[in-house]
Structures are given as structure tokens and as C-alpha cells.
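Colleague: The structure's right below; bear with me while I get my questions together.
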Amino acid sequence: MAIDKQKAALSSVFAAVFLTLMKLAVGIFTGSLGILSEALHSALDLCAAVITFFAVRFSDKPADSTHHYGHGKIESFSALIETVLLFITCGWIIYEAGQKLFFGSGVELIGVQWGVLTMIISIIVDASRVKVLKKAAKEHGSQALEADALHFSSDVWSSSVVIVGLVCVWMGNYINIPVLKYADPIAALGVALLVMKVSIKLSRETIDILLDTAPKGMKEMIENEISQITGVLQIAEIRIRPLGGNQYIDINVGICPNQSHRSVHAIVHEIRERIINIIPRCDIVVSTFPTEVKCNKNVNLM
């Protein structure tokens with residue numbers, strides 16, 4: 001069953017609201033920097049989820065007189081904003097962890113068990129969101145939903161790291177090993193590193209889309225398909241422009257100058273059909289030109 005991408009984005013907003021409020025309350029109660037850093041992470045996830053929701057709504061608008069290629073790039077732009085928010089998260093977490101580790105800020109925690117329970121609930125919610133968002137992103141070719149899925153996926157790992165930190169703090173208190181009390185800010189640093197890794201990956205993909213970078217290997221794949229078509233004597237140009245979940249493809253091929261209009265139309269139709277079969281979400285423009293290459297005797301001139 002297909003997933004509506006706007007509903008998927010909206011459900012992420014509600015999930016982010018719940019997680020942010022829960023982590024903030026428990027983080028303040030326990031005094032855990034790891035949980036508070038996760039609360040901030042979820043707060044920025046909420047901002048990102050809201051941006052994603054409006055982005056997917058706007059990107060669905062059809063092409064108009066001023067946006068000839070539609071509005072798909074708004075999804076890439078929203079994904080870029082999300083990466084900026086993620087980097088801001090990392091900066092705050094690293095600063096606070098440094099204060100606790102190197103400048104003697106307090107690291108005493110209370111109610112550690114409630115912190116662990118909160119993180120387990122967070123992991124369950126995040127994992128369910130990742131599954132839905134990845135499925136919707138794949139069905140619709142949505143980079144914004146893919147970015148949202150990456151956010152929630154990073155939350156799963158970072159919450160796991162926080163649980164490890166909280167358990168270490170509890171063990172330090174129980175068996176009186178003071179050094180284990182620093183596991184919480186160390187776990188927070190682990191969260192920051194995981195978030196930075198996700199941010200760098202996402203920013204590279206987003207910048208590639210905004211700069212119209214052709215997907216790796218796609219040009220060669222198209223060229224291989226076209227070269228097998230009878231009547232195509234030369235492939236002069238293949239240009240690919242990714243936009244939202246679609247690929248805009250311009251192709252210029254050389255054909256025998258003796259071809260009839262009917263034959264040219266048949267060749268263009270076959271080019272379009274072959275490409276659509278391997279790249280379902282695409283908009284194709286095929287232009288032809290007479291080539292000096294010797295016409296193949298198998299070319300249909302009728």
C-alpha cells in the first residue's frame with residue numbers, strides 16, 4: 001500500500017513534538033546532559049519535520065509559467081536547512097560536554113532508570129518513523145523525506161549511546177567508581193559525532209542536487225540502452241538534471257538523413273520507452289539530427 005508523503009511528513013511532526021517534550025522533561029529531572037542533548041536534537045528534528053512537511057506540500061505543485069521544471073528543488077533546499085540545524089546541534093552538545101568534562105561542571109544524576117526508560121521509548125518511536133519515512137521516500141523519490149528518515153535514524157543510534165552512558169553512571173554510583181560518572185557527557189559527545197556524520201553525508205547529497213550533479217552511472221546506463229536501438233547512429237549528448245524525485249533528461253541523437261518522419265518518431269518513442277523502464281521518474285526530451293555516419297543497411301526507411 002502506497003504511503004502519502006504529506007501524511008508521512010505530518011506524522012513525523014507529531015512524533016518529534018512528543019519526543020522533544022518527553023526528553024526535555026526527563027533531562028531536566030535527571031540532570032543528564034545526554035538526555036538534554038537528545039532533547040535539543042529532537043527539537044531541531046521537530047523544526048526539520050515542519051520544514052519537510054511544508055516542503056513536500058510545496059514540491060507537489062505542478063510546473064507553472066515561472067517554474068518550468070516544477071517546484072521539486074524545494075525539497076533539496078529544505079534538506080540543506082536540516083543539515084544546518086544538525087550542525088548547530090553538534091556545536092551545542094560539544095560545548096556542554098566540554099564544560100562538564102574539562103571545567104568541573106557537575107555531573108551528578110538522579111532517577112537514571114527514568115532516563116533509560118525514556119531513551120527506550122524514544123528508540124521505539126524513532127525506529128517506527130524510520131521505517132515509514134524510508135518507504136515513503138522510496139515510493140515518491142523524495143529527498144526531503146529521506147533526510148527526515150536520516151534524522152530519526154540518527155536518533156536511534158544516539159539514544160542507544162545515551163543509554164550506555166546512563167548505565168555507566170548508575171554503575172559508577174553503585175560500585176563507587178567516580179570516573180564512570182563522566183560517561184554521560186562522553187555519551188553526549190558520541191551523539192554529536194553520530195549527528196555530524198549524518199549531517200556531512202546529507203549535505204553532500206543535497207549540494208549535489210542543488211548543483212544539478214548527474215547521478216553516478218546514470219549517463220552510462222542511458223547511453224548503453226540507446227546504443228542498442230536500431231536507427232541510432234550517433235549519441236551526441238546526454239544531459240541529466242535531478243529535481244526533487246524526478247530526473248530531467250535531454251538526449252540528442254544522430255540518425256540517417258534518409259529516415260522518414262514515421263521512422264524518426266518510432267526511434268524517439270523507443271528511446272523514451274527504454275529509459276522510462278530503467279528510470280521510472282523522469283521527464284525526457286529527445287532531439288535528433290542527420291548524421292554523416294554511414295547509414296546502417298538495417299535502418300528502416302519507411
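What follows is calculated from the coordinates using simple rules that are stated; it is not laboratory data. All of these numbers come straight from a predicted model, not from anything done at the bench. Cβ atoms come from the backbone with ideal geometry, glycine included; neighbour counts cover every protein chain shown.
Colleague: Expected output is a single nm value to one decimal: the length gained when fully extending between LYS201 and ALA127, i.e. 0.36 nm times separation in residues minus the C-alpha distance. What is it? Present the calculation step by step, with values, prior to reporting the outcome.
Modeller: Working: separation 74, 0.36 × 74 = 26.64 nm, distance 1.99 nm.
This chain segment gains 24.7 nm when fully extended.
Colleague: Which order do peptides 216-225, 6-15, 197-206 fall in by mean Cβ count within 10 Å, highest first? Don't jump to the answer; show the numbers that get you there.
Modeller: Details: 216-225: 13.5, 6-15: 19.5, 197-206: 17.4.
So the peptides 216-225, 6-15, 197-206, ranked by packing, come out 6-15, 197-206, 216-225.
Colleague: For LEU19, LEU80, what's the fewest-to-most ordering of other Cβ within 10 Å of each Cβ?
Modeller: Details: LEU19 26, LEU80 18.
Ascending number of Cβ neighbours within 10 Å: LEU80, LEU19.
Colleague: Sticking with this structure for a sec: Starting from the amide H of GLN247, placed 1.01 Å from N in the peptide plane, find each other amide H under 5 Å away whose residue is 5 or more places distant or on another chain.
Modeller: CYS282, ASP283
Colleague: Have a look at region 218-290 and give its Rg and Dmax from the Cα atoms, expressed in angstrom.
Modeller: My reading of the Cα-based Rg and Dmax gives 11.9, 40 Å.
Colleague: How tilted is helix 73-102 with respect to the longest principal axis of the chain? Cα atoms for both, answer in degrees (0 to 90, nearest 10).
Modeller: Long axis of 73-102 versus the principal axis of the chain: about 30 degrees.
Colleague: If you don't mind, another one. Give the order of HIS140, HIS261 when sorted by the count of other beta carbons within 10 angstrom, beginning with the fewest.
Modeller: Details: HIS140 24, HIS261 7.
Lowest to highest Cβ neighbour count: HIS261, HIS140.
Colleague: Determine the relative contact order of region 218-290: mean sequence separation of Cα pairs under 8 Å and six or more apart, normalised by residue count, in whole percent.
Modeller: On the way: 104 pairs, mean separation 25.2, N = 73.
Relative contact order, region 218-290: 35 percent.
Colleague: Let me ask something additional. As a footprinting exposure proxy, order TYR95, TYR182 by other Cβ within 10 Å, with the fewest listed first. Present the calculation step by step, with values, prior to reporting the outcome.
Modeller: On the way: TYR95 10, TYR182 17.
Starting with the residue having the fewest Cβ neighbours, the order is TYR95, TYR182.
Colleague: If packing is taken as the mean number of other Cβ atoms within 10 Å per residue, what is the order of 158-166, 32-40, highest first? Don't skip to the answer; put the middle values down first.
Modeller: Working: 158-166: 24.4, 32-40: 28.1.
Peptide ranking by packing, descending: 32-40, 158-166.
Colleague: What does the net charge come to around ILE163 if you take all other residues with beta carbon closer than 15 Å to its beta carbon, with K and R at +1 and D and E at -1? Walk me through the numbers before you get to the answer.
Modeller: Details: positive: LYS23; negative: GLU38, ASP126, ASP155, ASP184.
Overall, the nearby charge balance is -3.
Colleague: For region 5-210, what's the relative contact order in percent, using C-alpha pairs closer than 8 Å and at least 6 residues apart?
Modeller: 28
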